[in-house]
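Novice: I have a structure here, written as structure tokens, and I will follow up with some questions on it.
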Amino acid sequence: MDLQPFVESDHRRLMTALEEDYWHLGRQLARRDVDIEALTARAAAFRVAVPSWGVATGGTRFGRFAGPGEPRDVYDKIQDCGVVHALTGVTPRVSLHIPWDRPEDPSALRERAAACGLCISAVNSNTFEDQPGQPRSYKFGSLAHTDAAVRAQAVAHNVECIGIGSQLGAREHSVWIGDGGNFPGQVHARRALERYLESLRQVYAALPEGWRLFIEHKLYEPAFYSTILNDWGTSYHCARELGPRAWCLVDLGHHAPNVNVEIIVARLIQFGKLGGFHFNDSKYGDDDLDAGSIKPFQLFLILNELVDAERDRVDGFEPSYMLDQPHNVTDPIESLTVSAMEVQRAYVQASLVDRPALDECQERNDPIMALAVLKQAFLTDVSPVLAMARARGGRPIDPVAAYRASGYRAAAAAARNEN
Ligand code: RM4
Ligand code: MN
Ligand code: MN
């Protein structure tokens, strides 16, 4: 569907007000010695990848409620991801889950993605569930399984993912496993981690030139008592053991409640191992809610660490930003659009932090003013900056409204043979 007419009517409806708001914000920022144009350029250059699995309705263990016009295959998914990018202008990259979205013909998928203005930047393996006809079960684990034959099958799957990714033009491979125990005593803690590392060494050895391997820690679920890669420290150890092309990936929902995620991020940056990011939000666990929906200040503080590292030109700091969320009660295209814009918002807000002033507050041990510096950035409504970056890039000022006006979902439902 051509969204252009809806972008045009969005601009006709909202541009005058946006120009006023942008001008006003520009004046406010100028008083703080901030150039709004530089900020808008940063907003426009921001990128966050969309998960292929995020454009379909997810579900919980209590059920799944499919929405209208669900993508039938990976091509439909790419088309929906293309809509997210058409709306936001910051999501040209797609992270692909295999075998959920295994392409029959990788070069055809690559072309289709390019036609939608997208590229496949990352592949993700799946050894956390069994596939029909699979010789060995992952019920009791995959890369860390006690049985060498199961581990070999899981390694082979990861190597296959890398092969598919190469044909797609991707350069990142993300590994998250469901291995762990539901009961105390079920898994030997040290031996299981050794097995995991031994398997990953084989996956690492299969990485083509220029690729990065991301390992993703998670505290619990589906293993409810213990997991193999349970926290960032274990992840850091493993990434170091594996070598320079192995990096830690932080998924915001994979920590215990109240854990200070921004400090974890800072530590991984300092230790030179922060490689990837799965943005989402959560109240309790791996809730996979839209970014910024529950803890926007935490999201800002995380981006603050990331922008600070970028500004300091920390050696080797080149994180890959991705969203990771399925949706149960919203239109996935709307949720992904909102999430991408919220991460972008936090990035722009973090770019506003007066770093010399913050340094000074820290040096003279002035917590009140240090927090005030952060709050000043966090409380600045940068919506006109984001909207102007979009508008200049031919994107809607109000993406969700434009998307709804377009009737894309109903058209997709009709085209995908539904009512
Ligand atoms: C996991 C983890 C992985 C994702 C799967 C679907 O909890 O976040 O990144 O690929 O869910
Ligand atoms: Mn994740
Ligand atoms: Mn997760």
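The values are calculated or read from the model by the stated rules, or taken from the named source; none is laboratory data. Remember, predicted model here, so these are calculated numbers, not experimental data. So basically every Cβ, Gly included, is an ideal-geometry build from the backbone, and we count neighbours across all protein chains shown. These area figures cover heavy atoms from the full protein model, side chains too; ligands, DNA and RNA do not enter into them. Shrake-Rupley method; radii C 1.70, N 1.55, O 1.52, S 1.80 Å.
Novice: Out of the residues in the range 134-160 meeting the condition of being closer than 21 Å to residue 222 by Cβ and assigned to a helix (DSSP H, G or I), tell me which one is farthest from the chain's Cα centre (by Cα).
Specialist: Of everything passing the filter in the range 134-160, 150 is farthest from the chain's Cα centre (by Cα).
Novice: Just a yes or no: is a residue in the range 283-298 among the aliphatic types (A, V, I, L, M), open to solvent by 20 Å² or more (accessible area, probe 1.4 Å), within 16 Å of ligand 1 (Cβ to nearest atom) and modelled with pLDDT of 95 or more?
Specialist: Restricting attention to the range 283-298, the residues satisfying the condition of being among the aliphatic types (A, V, I, L, M) are 289, 291, 294.
Then drop every residue that is not open to solvent by 20 Å² or more (accessible area, probe 1.4 Å), which leaves 289, 294.
Going one step further and asking which of them are within 16 Å of ligand 1 (Cβ to nearest atom), we end up with 289.
From what's left, modelled with pLDDT of 95 or more: 289.
Checking the range 283-298: at least one residue is among the aliphatic types (A, V, I, L, M), open to solvent by 20 Å² or more (accessible area, probe 1.4 Å), within 16 Å of ligand 1 (Cβ to nearest atom) and modelled with pLDDT of 95 or more.
Novice: Given (1) within 16 Å of ligand 3 (Cβ to nearest atom); (2) over 20 Å from residue 210 (Cβ atoms), identify the lone condition not met by residue 266.
Specialist: (1)
Novice: Residues that are in contact with a Lys or Arg (Cβ under 8 Å, 6 or more places away or on another chain), open to solvent by less than 20 Å² (accessible area, probe 1.4 Å) and among the small types (Gly, Ala, Ser): does the range 202-225 have at least one?
Specialist: No, because not a single residue in the range 202-225 is in contact with a Lys or Arg (Cβ under 8 Å, 6 or more places away or on another chain), open to solvent by less than 20 Å² (accessible area, probe 1.4 Å) and among the small types (Gly, Ala, Ser).
Novice: Another question, then. Give the residue that is nearest to residue 155 (Cα to Cα), with candidates limited to residues of the range 179-225 that are within 16 Å of ligand 1 (Cβ to nearest atom) and acidic (Asp, Glu).
Specialist: Among those that are within 16 Å of ligand 1 (Cβ to nearest atom) and acidic (Asp, Glu), it is 179.
Novice: Could you check residue 224 against (1) of a type in the set (A, V, I, L, M, F, W, C); (2) part of a loop (DSSP other than H, G, I, E, B); (3) in contact with a helix residue (DSSP H, G or I) (Cβ under 7 Å, 6 or more places away or on another chain); (4) away from ligand 2 (no atom under 16 Å from the Cβ) and say which number it fails?
Specialist: Tallying (1) of a type in the set (A, V, I, L, M, F, W, C); (2) part of a loop (DSSP other than H, G, I, E, B); (3) in contact with a helix residue (DSSP H, G or I) (Cβ under 7 Å, 6 or more places away or on another chain); (4) away from ligand 2 (no atom under 16 Å from the Cβ), residue 224 fails exactly one: (3).
Novice: Has the range 99-112 got any residue that is over 28 Å from residue 391 (Cα atoms), outside any strand (DSSP E or B), within 16 Å of ligand 3 (Cβ to nearest atom) and touching a residue at least 24 places away in the same chain (Cβ under 8 Å)? Before you say what the answer is, go through the steps one by one.
Specialist: Of all residues in the range 99-112, those over 28 Å from residue 391 (Cα atoms) come to 99-109.
Checking which are outside any strand (DSSP E or B) leaves us with 99-109.
From the residues that got through so far, the ones that are within 16 Å of ligand 3 (Cβ to nearest atom) too are 100.
Checking the rest, the ones that are also touching a residue at least 24 places away in the same chain (Cβ under 8 Å) come to 100.
Yes, because at least one residue in the range 99-112 is over 28 Å from residue 391 (Cα atoms), outside any strand (DSSP E or B), within 16 Å of ligand 3 (Cβ to nearest atom) and touching a residue at least 24 places away in the same chain (Cβ under 8 Å).
Novice: Can you name the condition, by its number, that residue 306 falls short on among (1) under 26 Å from residue 372 (Cα atoms); (2) out of contact with any Phe, Trp or Tyr (no Cβ under 8 Å at 6 or more places or on another chain); (3) buried (at least 18 other Cβ atoms within 10 Å of the Cβ)?
Specialist: (2)
Novice: While we're on this one: Pick out the one residue from 121, 174 that is within 16 Å of ligand 3 (Cβ to nearest atom), of a type outside the set (Asp, Glu) and out of contact with any Pro (no Cβ under 6 Å at 6 or more places or on another chain). Working first, answer last.
Specialist: Working: 121 fails: within 16 Å of ligand 3 (Cβ to nearest atom).
Unique residue meeting the criteria: 174.
Novice: To continue, here is another question. I'm checking my understanding of the structure. Among residues of the range 83-97 that are open to solvent by less than 20 Å² (accessible area, probe 1.4 Å) and within 16 Å of ligand 2 (Cβ to nearest atom), which one is nearest to residue 40 (Cα to Cα)?
Specialist: The qualifying residue nearest to residue 40 (Cα to Cα) is 94.
Novice: To continue, here is another question. Please work out if residue 323 is under 18 Å from residue 396 (Cα atoms), open to solvent by less than 10 Å² (accessible area, probe 1.4 Å) and within 16 Å of ligand 3 (Cβ to nearest atom).
Specialist: Numbers: under 18 Å from residue 396 (Cα atoms): no; open to solvent by less than 10 Å² (accessible area, probe 1.4 Å): yes; within 16 Å of ligand 3 (Cβ to nearest atom): yes.
For residue 323, the condition - under 18 Å from residue 396 (Cα atoms), open to solvent by less than 10 Å² (accessible area, probe 1.4 Å) and within 16 Å of ligand 3 (Cβ to nearest atom) - is not met.
Novice: Can you pull out the residues in the range 243-258 that are within 14 Å of ligand 1 (Cβ to nearest atom) and among the small types (Gly, Ala, Ser)?
Specialist: 253
Novice: So, one more: Would you pick out the residues in the range 114-128 that are within 14 Å of ligand 2 (Cβ to nearest atom) and either outside any loop (DSSP other than H, G, I, E, B) or open to solvent by 20 Å² or more (accessible area, probe 1.4 Å) (or both)?
Specialist: Pass one, the range 114-128, residues within 14 Å of ligand 2 (Cβ to nearest atom): 122-126, 128.
Listed by number, the residues that qualify are 122, 123, 124, 128.
Novice: Write out, first by first residue and then by second, each pair whose Cβ atoms fall under 7 Å of each other, whose residues are 6+ apart or on separate chains, and whose first residue, in the range 130-143, is more than 15 Å from residue 199 (Cα to Cα) while the second is among the polar types (S, T, N, Q).
Specialist: Filtered contacts from the range 130-143: 130/137; 135/153; 136/153.
Novice: Next question, about the same structure. Would you confirm whether any residue within the range 66-79 is in a loop (DSSP other than H, G, I, E, B), surrounded by fewer than 22 Cβ atoms within 10 Å (Cβ to Cβ) and hydrophobic (A, V, I, L, M, F, W, C)?
Specialist: Yes, the range 66-79 has at least one match.
Novice: I'd like the full set of residues that are touching a residue at least 24 places away in the same chain (Cβ under 8 Å) and either assigned to a loop (DSSP other than H, G, I, E, B) or closer than 16 Å to residue 130 by Cβ (or both), limited to the range 161-186.
Specialist: 169, 170, 171, 176, 177, 178, 179, 182, 183, 184, 186
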